[in-house]
Amino acid sequence: MTERTRTATMDKIAALSKRRGFVFPGSEIYGGLANTWDYGPLGVELKRNVKDLWWRTFVHRRRDIVGIDAGILMHPRVWEASGHVESFNDPLVDCKTCKSRFRADHLIEERLGLHVEGKSPAEMTEIIQSAGLRCPVCGNATLTEARQFNMMFRTTIGPVEETGVSVYLRPETAQAMFVQYKNIVATGRVKVPFGIAQIGKAFRNEITPGNFIFRLLEFEQMEIEYFVRPEASADAFDAWLSDMRGWVRLIGLDEAHVRVREHEADELSHYSSRTVDFEYLFPGPMGWRELYGLANRSDFDLRQHQEYSGDDLTYFDQAENRRYLPYVIEPTFGVDRTCLVLMLDAYDEEATVDINGKPETRVVLRFEPRIAPCKAAVLPLMKKPELSAVARGLFEELDASVDAYVDYDETGNIGKRYRRQDEIGTPFCFTIDYDTLEDRTVTVRMRDDMSQERLPLADVPAWLAERIV
Ligand code: GAP
């Protein structure tokens, strides 16, 4: 990616998302539902491209990983075994004056710049009180002590709440891979080392959501549980670190905006013996925040599920003629955070002139073509039947030959139509003009530098197909 001044802000991305149909506030006509968002026509294409590319990269192109698609509701014992009932908590403080509620760790991080993940509520209370932190909403020094709050959403199976079975909406997709591990091994298609991959929704009752789609109540994860011999877990971890870096490059993120941070011992989740976060440099006060994670979960989950279910989850390694519980390396990727950072990274404002020579700012989303929600647009130079007929023909041909979203637009002046395509990140526009009728060539206009070249009309499908993989 070329060096350029960073002009993206979260507010600009949220505004562009709404204006152009990437992401809309949820339930807006009812006044909205805080921190819920819906993907619009372009957002859904972007999200699909991310998920499809991830699946192709980590499942279809590898012989050692298979996929599953499990339910969101699982047996409640799963979450006891996994440790989520006991430990999946956020430390909260309330303001006794205005009744606002905050994450104690976020408050400390924002006000004092201290990382306190892993500290106990009592330790956080001590930090808040000795620093004299006040309520960020009303300014009073009336914050309660920090206490733990479980983040899992509960619901009930059965029509009557009192007699129904209480279950949780899964807070991570990971557990289904452990619960189905025995069935996957039994299908006989895999041998350690192997991975199980899943893409799906997860739900967390986050108390400090916000920052647009960064922290959501309902979000999608792309996760792999990679089962290895216990002795091989350190090497497998390093191999995954490198594969995750490869993914970051593949989707075209600016390397200066991504760093890898090793977790301190007191920050580690209850299941992890080593974790690194891939952090992304968000603009403005957000700064470096978690984008993805990589954890060595050891044999924690299989051991727990073995104990809680009473089922034998050991693996018989024929090559080594021994039985063991595999260790698990877990690369985890948030889909929504990927979409967000792709938009932030792609956003650019460029000083230019309009067709009348007047200065204007061109807003461009410089997505990698393989990620761009709209791959190309077919534009007749003017809305004239003879031009539209040829343009329609090309559009239909592309529609049939390219397995992706291609746009067709014939309204308004051509300059405005190019600007609209720039703003949604369409890498190529094919323009049909009067020369096309004479010589069967079209103009291809490049989003990034607005350069133009002529191509034979018949070559367009192959030309495009080559550039969007
Ligand atoms: N199975 C491990 C696990 O769930 P995590 O760090 O809690 O680990 C994994 O979550 C990824 O899911 C994060 O790196 C992030 O990309 C995404 N994620 C987590 N919580 C989220 C939230 N509330 N909203 C949006 N994405 C979230």
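The values are calculated or read from the model by the stated rules, or taken from the named source; none is laboratory data. These figures come from a predicted structure and were not determined experimentally. Cβ: placed from backbone, ideal geometry, glycine included. Neighbour counts: every protein chain shown. The protein model used for the area step is the full one, side chains on, heavy atoms only, and it has no ligands, DNA or RNA in it. Shrake-Rupley method; radii C 1.70, N 1.55, O 1.52, S 1.80 Å.
Per residue of region 458-468, in order, report the coupling 6.51 cos²θ - 1.76 cosθ + 1.60 (Karplus, θ = phi - 60°) as ³J(HN,Hα) in whole Hz, putting x for Gly and Pro.
5, 8, 4, x, 5, 4, 6, 4, 5, 9, 10
Can you compute the label reach from ASP243? Point 7 Å from Cα along the Cβ direction, backbone N cut-off under 19 Å, restricted to region 181-205.
Only 181-182, 184-185, 188-200 fall inside the zone, counting backbone N under 19 Å.
Filter the GluC sites (Glu not before Pro) in region 306-377 down to the DSSP loop ones having no more than 16 other Cβ atoms within 10 Å, then list what survives.
Sparse-neighbourhood loop GluC sites (Glu not before Pro): GLU320.
What does the net charge come to around GLU262 if you take all other residues with beta carbon closer than 9 Å to its beta carbon, with K and R at +1 and D and E at -1?
Residues close to GLU262 contribute a combined charge of 0.
For region 317-372, rounded, prolate or oblate, judged on the Cα gyration tensor with a ≥ b ≥ c (square roots of eigenvalues), a/c < 1.5 rounded, else prolate if a/b > b/c?
It comes out prolate by the Cα gyration axes.
Quote to one decimal, in nm, the extra length available between SER451 and GLU126 on full extension: 0.36 nm per residue of separation minus the C-alpha distance between them.
So the extension gain works out to 110.9 nm.
Let me make sure I get this right: for region 374-467, a, b and c are the square roots of the gyration tensor eigenvalues over alpha carbons, sorted descending. Under 1.5 in a/c it's rounded, otherwise prolate if a/b > b/c, else oblate. Which is it?
It comes out rounded by the Cα gyration axes.
Once a ≥ b ≥ c are taken as the square roots of the eigenvalues of the Cα gyration tensor of region 162-284, is the result rounded (a/c under 1.5), prolate (a/b larger than b/c) or oblate (a/b not larger than b/c)?
Since a/c reaches 1.5 but b/c is at least a/b, the shape of region 162-284 is classed as oblate.
Pop out the ³J(HN,Hα) list for region 95-100 in order, Karplus 6.51 cos²θ - 1.76 cosθ + 1.60 with θ = phi - 60°, rounded to Hz; leave Gly and Pro as x.
After applying 6.51 cos²θ - 1.76 cosθ + 1.60, I find 9, 5, 7, 9, 6, 6 Hz.
Express the carbon and sulfur contribution to the solvent-accessible surface of the chain as a percent, rounded to the nearest whole number, probe 1.4 angstrom.
So the carbon and sulfur contribution to the accessible surface is 49 percent.
Across region 427-436, in residue order, what do the Karplus-derived ³J(HN,Hα) couplings come to in whole Hz, using 6.51 cos²θ - 1.76 cosθ + 1.60 with θ = phi - 60° and x for Gly and Pro?
x, 9, 10, 10, 10, 9, 10, 5, 5, 4
Using amide H atoms built in the peptide plane, which far-off residues or other-chain residues are under 5 Å from PHE282 H to H?
GLY287, TRP288, ARG289
Using a basic spin-label model with each label point 7 Å from the Cα along Cα→Cβ, how many nm lie between THR156 and THR144?
2.5
For ALA15 and HIS75, compute 0.36 nm times the residue count separating them, minus their Cα-Cα distance, and round to one decimal in nm.
Full-extension gain reported as 17.5 nm.
Can you compute the FRET efficiency between GLU396 and TRP55 using 1/(1 + (r/R0)^6), with r the Cβ-Cβ distance and R0 = 25 Å? Round to the nearest 0.05.
0.35
Here is the link list: LYS375/LYS416; LYS12/LYS383; LYS358/LYS384; LYS51/LYS182. Which ones come out longer than 30 Å on Cα distance?
With Cα atoms farther than 30 Å apart: LYS12/LYS383.
Calculate the length of the line joining the C-alpha centroid of region 308-361 to that of region 33-72, in whole Å.
9
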